[in-house]
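Engineer: Supplied in structure tokens, the structure appears directly below.
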Amino acid sequence: MTRILDTVLGSRSAAQVMLYIEAYGSGHANGMAKTYSVSVNAMYRQLRRLEEGDVLVSRMVGSSRQFEFNPRNPTVRNLRRFLEEELDLMSDSELQAYYRERRRPRRTGKGL
């Protein structure tokens with residue numbers, strides 16, 4: 001992640017939240033905090049701030065609150081294009097470390 005991205009989006013945690021949601025489609029505070037090795041509180045504060053700013057929307061999935069981009073906000077479309085370009089410019093090592101986590105469960109009985 002670049003310093004320019006942090007500056008444009010306001011803070012490092014805001015940039016992390018938005019890149020995570022762009023890469024995975026949605027996410028929750030605990031998953032983001034584990035990915036970036038930061039406190040859950042810091043991630044949750046950013047998620048709530050972005051939700052109050054109408055950039056994100058949330059819904060309950062089981063007992064956790066999932067956040068995703070607000071599809072009704074026309075500015076978000078341009079923001080997502082910008083974030084997609086930033087993800088394309090990242091090094092492979094950074095992409096593998098933060099944005100390519102396996103999300104599907106393994107088939108039952110499949111060996112490692």
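The values are calculated or read from the model by the stated rules, or taken from the named source; none is laboratory data. The shown structure was predicted, so the numbers you read here are calculated from the model rather than taken from an experiment. Just the protein is used for accessible areas: all its heavy atoms, side chains included, with ligands, DNA and RNA removed. Shrake-Rupley method; radii C 1.70, N 1.55, O 1.52, S 1.80 Å.
Engineer: On average, how much accessible surface per residue is there in segment 1-80, in Å², for a 1.4 Å probe, leaving out ligands, DNA and RNA?
Structural biologist: Solvent-accessible surface per residue comes out at 55 Å².
Engineer: At 0.36 nm per residue, minus the direct Cα-Cα distance, what do Ile4 and Thr75 gain on full extension? Give it in nm, one decimal, please.
Structural biologist: 23.6 nm
Engineer: Using 0.36 nm per residue, how much length does the chain from Ala97 to Arg65 gain when fully extended, once their Cα-Cα distance is taken away?
Structural biologist: This chain segment gains 9.1 nm when fully extended.
Engineer: So, one more: What percentage of all Cα-Cα pairs in the chain are separated by more than 24 Å?
Structural biologist: When all Cα pairs of the chain are counted, 25 percent exceed 24 Å.
Engineer: With all protein chains present, how much of the accessible area of the chain (probe radius 1.4 Å) comes from carbon and sulfur, to the nearest whole percent?
Structural biologist: On the chain, the fraction of accessible area on carbon and sulfur atoms equals 48 percent.
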